[in-house]
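Worksheet: one structure, shown below.
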Amino acid sequence: MKKYLLIASLLFNTPVSAEPLEWPSYGGDLGQSRYVNDASINTENVSHLKLKWMFQTGIVGSFENTPIVKDGVMYVTTPYNHLYALNARNGERLWRYKHKLGTTIYCCGPNSKGAAIAGNLVIMATLDAMLVAIDKDTGKLVWETTIADSEQGYSETGAPIIYQDKIIIGVAGAEYGIRGFISAYDLKTGALLWRWHTIPEPDQVQPDGTKGWTGIFTEKADGINDLHRDIAAEKAAIASGEFDNAWEHGGGSSWMPVTIDTATGHIYATIGNPAPDLDGSLRPGDNRWSASMVSLDSQTGKMIWGYQYLPHDVWDLDAASPPILTTAKDKQDKDIAVAVHAGKTGWVYVHDRKTGDLIRRSDPMVEHKNLFVKPTPGKGTEMLPGANGGVNWSPGAVDPRTHHVFYSNLHQPMHYEVRSVPWRKGRLWLGGAFKVIPGEKQSGNVSAVNLDSGKINWQYTTDQPMIGGTLATAGNLLFSGESNGYFFALDSRTGKKLWQFQAGAGVNAAPMAYRIDGKLHIAVAAGGNAQINAPRGGTVAVFTIEK
Amino acid sequence: MKNNSIVRNILFIFVVSTTSSCSSLIKPNVFEPSWISYNKEKKQVNIELVAAWNANNNGYNFNGYFQDDITITVPADWLVNMTLINLDGNAPHSIVITEPYTDDIPDELTGEFAVLHRAYTDSIYANESAEMKFKAKAGDYWLFCGVKGHGINGMWSMFKVDKNISNPFVKILQTGKQIRR
């Protein structure tokens, strides 16, 4: 290994350390870079990467977890909220905690993206919309608190984020007409500290001076693409008073982990679709802040800015993949702090982190067809991207040296139709349906996008749609996985495949890395996915180069 | 299981329906639909159900029908060959033949809960199909999607096995919806 460290130091001009490298949070760091500044495993030696250990959870569902590692222990959450502590050296099970689930209502699989750790507590959010704090040494419950009423359709599938003395987390459930929010809880006690609702009340003043969720009746996405709205009809519907209370069930889940700028204490979060997903007739106006990125003050929950990608979204092309904090060129070619998001629209958005202004939007990573077209009444319309995007929840990775981001994409032609149905407590509320088109081929890709230009540098195409995520390293490697069970490494400069491993179940989770005993380890969950029917399993696989 | 078989199934049903079952209307609300074909001599009936046939009930429907929209009735002691095709881009679906539920509708059901022998399919995903064959025993049943949360969201239809009829038929109870005839 010493030989590799020396070669890596020379070749990659990167500090290669024997010190432990931890992954204490869902995205690695609170900026969710998913970048490892370690070149000991690199394009030259990745062919020697071997499986070090595997762990079988025995829990089959939809395995979307990114493990976290701290103090030599790996923490893994599984479908149905089991939490495992494993020896990160060899995979030995240290303890297991199983949350006793109450009522659960969820749209897209019994998922759990991961845990968070601080002090002696490991925190997990649960399908029945609770937070639990577990003693990291014993696996015993320390406290638990209810986030929201799961019988209304509130659920937690994301990973909590710990910043200073707070646990910060959003909530899922827009498919059931919940009203989304992001909350902060006291780390020691689980007490609620603040809550910011993604869907504002009618009199609530927004950062731009408007009130409520109706917004400014924006006609074009990003000032470019016509959204084909009938603004006059929407205003008339609002004036009628019939939809005065629509905001109460307005959706706007924030179901992926939030991102934190530790220099400013500002939160960056993506907000999902309005409710009902496809039927805009019941919710006239922009439906703020659904389908948006927002910035909040982590101390108070006060909103700093919001950028709405799709005002009055009726295609479910909302914002899920978590923001990445990095630097990129602004319009004056100057490096500035940016927040990056890849949407279900298939574009990568680069925002000024301070103001939220959109600096640029990338070339589309996936084919667009009938983008933002309204469906023909009674017949529907074929559209691309389909129900899952573009980029779904899959977190991207950034290489801060090259200002490139890497995202997993889906290509799923679908036919969508609208049918108006009333809201009912705890019941599915899409207001229509997405249908697959028999005979239409589906596929996926990993795209490398230059943040400074918005141009796609390369694409690695796959036979199946991709859900999972990516990991970038200083060794010029990009790790990701496919539904067919292959976990692979690409050259992050070219997209050329350099290594792969057949994990035996769909690799539909974002990989992570840690260093222990002087060796970099790469870990990934392989357990398939419910949304795209990737073969199920329950494996955590860990790789390293032993020599 | 994939696209080709779906196309074959649809073509088969089309041919059969235009030759043997005739799709004749008995009454305005009682009919032999294109998606049912049968052989009286062999006492066999083929029923094709498409999950998410359209957007009715958020896509949680069989051939556009859900809850008490229709009753499918077949003669007792016939062999029922039921094919489920899933076109839902968002969710898996299944069929389990259950008892009619009057109070608490289950959140989730597997094949173990089928009340007729082997009268269930596994959950299938978009572009997949599944078949089940079972002997029809007289009684009132539900065709129930066993996937978590689907049945309580109305993804079921009434299924009746009657000793006193000679042909399968469908009775529409709720009119005015766009459905597969």
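The values are calculated or read from the model by the stated rules, or taken from the named source; none is laboratory data. Predicted model only: the values in this text are computed from it and were never measured. As a convention, Cβ positions derive from the backbone with ideal geometry for all residues, glycine included, and neighbour counts pool all protein chains shown. Heavy atoms of the whole protein, side chains included, go into the accessibility calculation; ligands, DNA and RNA do not. Shrake-Rupley method; radii C 1.70, N 1.55, O 1.52, S 1.80 Å.
Considering the stretch A:338-377, and only residues there that are open to solvent by 40 Å² or more (accessible area, probe 1.4 Å), farther than 14 Å from A:L410 by Cβ and not in a strand (DSSP E or B), the residue that is modelled with the lowest pLDDT turns out to be A:P377. Looking at the structure I just gave you, is A:I267 of a type outside the set (F, W, Y) and open to solvent by less than 30 Å² (accessible area, probe 1.4 Å)? For A:I267, the condition - of a type outside the set (F, W, Y) and open to solvent by less than 30 Å² (accessible area, probe 1.4 Å) - is met.
Which of the residues spanning the stretch B:91-108 are open to solvent by less than 50 Å² (accessible area, probe 1.4 Å) and either touching a Phe, Trp or Tyr at 6+ places or on another chain (Cβ under 6 Å) or within 14 Å of another protein chain (Cβ to nearest Cβ) (or both)?
Step one: list which residues in the stretch B:91-108 are open to solvent by less than 50 Å² (accessible area, probe 1.4 Å), which gives B:91-98, B:101, B:106.
Result: B:A91, B:P92, B:H93, B:S94, B:V96, B:I97, B:T98, B:P106.
Scanning the stretch B:75-98 for residues that are part of a loop (DSSP other than H, G, I, E, B), over 23 Å from B:S166 (Cα atoms) and not aliphatic (A, V, I, L, M) yields B:G89, B:N90, B:P92, B:S94.
For the stretch A:234-264, the candidate set comprises residues that are open to solvent by less than 40 Å² (accessible area, probe 1.4 Å) and over 24 Å from A:A159 (Cα atoms); within that set, the residue that is nearest to the chain's Cα centre (by Cα) is A:W247.
From the list A:I123, A:I162, which residue is within 16 Å of A:L192 (Cβ to Cβ), open to solvent by less than 10 Å² (accessible area, probe 1.4 Å) and part of a strand (DSSP E or B)?
Numbers: A:I162 fails: open to solvent by less than 10 Å² (accessible area, probe 1.4 Å).
A:I123 is the lone residue from the list that is within 16 Å of A:L192 (Cβ to Cβ), open to solvent by less than 10 Å² (accessible area, probe 1.4 Å) and part of a strand (DSSP E or B).
Candidates in the stretch B:81-90 are the residues that are at pLDDT 95 or above and open to solvent by 10 Å² or more (accessible area, probe 1.4 Å); of these, the one that is farthest from the other protein chains (Cβ to nearest Cβ) is B:N81. Could you tell me whether B:F134 is among the aromatic types (F, W, Y), out of contact with any Cys (no Cβ under 8 Å at 6 or more places or on another chain), surrounded by fewer than 19 Cβ atoms within 10 Å (Cβ to Cβ) and assigned to a strand (DSSP E or B)? Considered against the rule, which asks whether it is among the aromatic types (F, W, Y), out of contact with any Cys (no Cβ under 8 Å at 6 or more places or on another chain), surrounded by fewer than 19 Cβ atoms within 10 Å (Cβ to Cβ) and assigned to a strand (DSSP E or B), B:F134 comes out as yes.
Conditions (1) away from chain B (no Cβ under 14 Å); (2) surrounded by fewer than 20 Cβ atoms within 10 Å (Cβ to Cβ); (3) in contact with a strand residue (DSSP E or B) (Cβ under 9 Å, 6 or more places away or on another chain); (4) part of a loop (DSSP other than H, G, I, E, B), marked per residue:
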| position | (1), (2), (3), (4) |
| --- | --- |
| A:A39 | yes, no, yes, yes |
| A:Y84 | yes, no, yes, no |
| A:R89 | yes, yes, yes, yes |
| A:R96 | yes, yes, yes, no |
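Residue check: A:G439 meets all listed conditions (1) within 19 Å of B:N54 (Cα to Cα); (2) assigned to a loop (DSSP other than H, G, I, E, B); (3) in contact (Cβ under 8 Å) with a residue 12 or more places away in the chain but one, namely (3).
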